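The values are calculated or read from the model by the stated rules, or taken from the named source; none is laboratory data. Because the structure is predicted, anything quoted here is derived from the model rather than measured. All Cβ positions, even for glycine, are placed from backbone atoms using ideal geometry, and neighbour counts span all protein chains on display. Calculation scope for accessible area: heavy atoms of the full protein, side chains included, ligands and nucleic acids excluded. Shrake-Rupley method; radii C 1.70, N 1.55, O 1.52, S 1.80 Å.
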Amino acid sequence: MNQVLKTIQERSSIRSYKDIPLTQEELDLLKNAVLAAPTARNLQGLRYYFITDRSILKQIDQRVMHHAGDEMRARMKERGSESFFYDAPLGVIITAGEQRWPGEDAGIAVGILSIAAQSMGLGSVILGIPGMAFQEDDPENCGKLLGFAEGEKFRIAIAIGHPATEKEPHEKNFDLIKDF
């Protein structure tokens, strides 16, 4: 089987990580992978915040928790985590301004990061919830913490690290495909 297709089939969302930092080589490989992601009209309007500083990830977690409801807090407790990054050694925040198709570009980029991580023996989970920490109407939003430029907005995030658990990939539902 083609190695890329095999990697895609093996990937699953990992929500528990070993307390092992990523090496500089691993970080560089992930950075090079995401910079290879195509963007609409090659505008390259995305920004990638590679966060390995646990205190920054904790501040983002705290701001998410500030906005989180009881249901979300209960779900995190069920999952055995107080971190929306699941204590991964790397959190990547992807942002964009108001160029065309920022969500589509961010989706492509985070997909490439997740497959790159899987191919390197790392685990990942794609995250939307950290966006709560970057709400524009929140005077304490974490955009200031990361130094977002004017008009720059959270689009999506991903946690990456050495898996502390195994999880089978989700079952495929071929009913979701319509052939014409």
| task | Go through Ala40, Ala36 for me and flag whichever is over 27 Å from Asp137 (Cβ atoms), of a type in the set (A, V, I, L, M) and over 17 Å from the mean Cα position of the chain (by Cα). | result | Ala40
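Only one residue in Met120, Met72 is over 20 Å from Pro21 (Cα atoms), hydrophobic (A, V, I, L, M, F, W, C) and surrounded by 15 or more Cβ atoms within 10 Å (Cβ to Cβ). Which one? I'd like the intermediate steps shown before the answer.
Working: Met120 fails: over 20 Å from Pro21 (Cα atoms).
None of the others qualify; the one that does is Met72.
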| message | Anything in the range 15-28 that is open to solvent by less than 40 Å² (accessible area, probe 1.4 Å) and not in a helix (DSSP H, G or I)? List them, or say none. | response | Tyr17, Leu22
| task | Go through the residues of the range 46-59 one by one and say whether even a single one is modelled with pLDDT of 95 or more, part of a loop (DSSP other than H, G, I, E, B), open to solvent by less than 80 Å² (accessible area, probe 1.4 Å) and under 22 Å from Ala149 (Cα atoms). | result | yes
| task | Would you please list the contacts, defined by Cβ atoms under 9 Å and residues six or more apart or on different chains, that run from a residue in the range 81-93 that is among the β-branched types (Val, Ile, Thr) to a residue that is modelled with pLDDT of 95 or more and assigned to a loop (DSSP other than H, G, I, E, B)? | result | Ile93/Cys142
| request: Would you be able to say whether some residue in the range 29-37 is among the hydrophobic types (A, V, I, L, M, F, W, C), in contact (Cβ under 8 Å) with a residue 12 or more places away in the chain, closer than 16 Å to Ile129 by Cβ and open to solvent by less than 90 Å² (accessible area, probe 1.4 Å)? | output: no
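Only one of Arg11, Arg79 is within 14 Å of Val125 (Cα to Cα) and buried (at least 18 other Cβ atoms within 10 Å of the Cβ); which?
Numbers: Arg79 fails: buried (at least 18 other Cβ atoms within 10 Å of the Cβ).
Result of the check over Arg11, Arg79: Arg11.
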| query | Going through the range 148-174 one residue at a time, which ones are without any contact (Cβ under 8 Å) to a residue 12 or more places away in the chain and hydrophobic (A, V, I, L, M, F, W, C)? | reply | Phe174
| query | So how many residues does the range 115-147 have that are polar (S, T, N, Q) and within 24 Å of Ala68 (Cβ to Cβ)? | reply | 3
| request: Report, ordered by the first and then the second residue, all pairs with beta carbons closer than 9 Å, sequence separation of six or more or different chains, a first member in the range 97-114 that is assigned to a loop (DSSP other than H, G, I, E, B), and a second member that is among the acidic types (Asp, Glu). | output: Gly97/Glu150; Gly97/Glu152; Gln99/Asp105
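Among the residues in the range 100-115, are any farther than 23 Å from Gly45 by Cβ, open to solvent by less than 50 Å² (accessible area, probe 1.4 Å) and touching a Phe, Trp or Tyr at 6+ places or on another chain (Cβ under 8 Å)? Talk me through it step by step, then tell me what you get.
Our first condition is that a residue be farther than 23 Å from Gly45 by Cβ; within the range 100-115, this holds for none.
Checked the range 100-115: no residue is farther than 23 Å from Gly45 by Cβ, open to solvent by less than 50 Å² (accessible area, probe 1.4 Å) and touching a Phe, Trp or Tyr at 6+ places or on another chain (Cβ under 8 Å).
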| note | Filtering the range 130-147 down to residues that are open to solvent by 50 Å² or more (accessible area, probe 1.4 Å) and either among the aromatic types (Phe, Trp, Tyr) or touching a residue at least 40 places away in the same chain (Cβ under 8 Å) (or both) yields Gln135, Glu140, Leu145
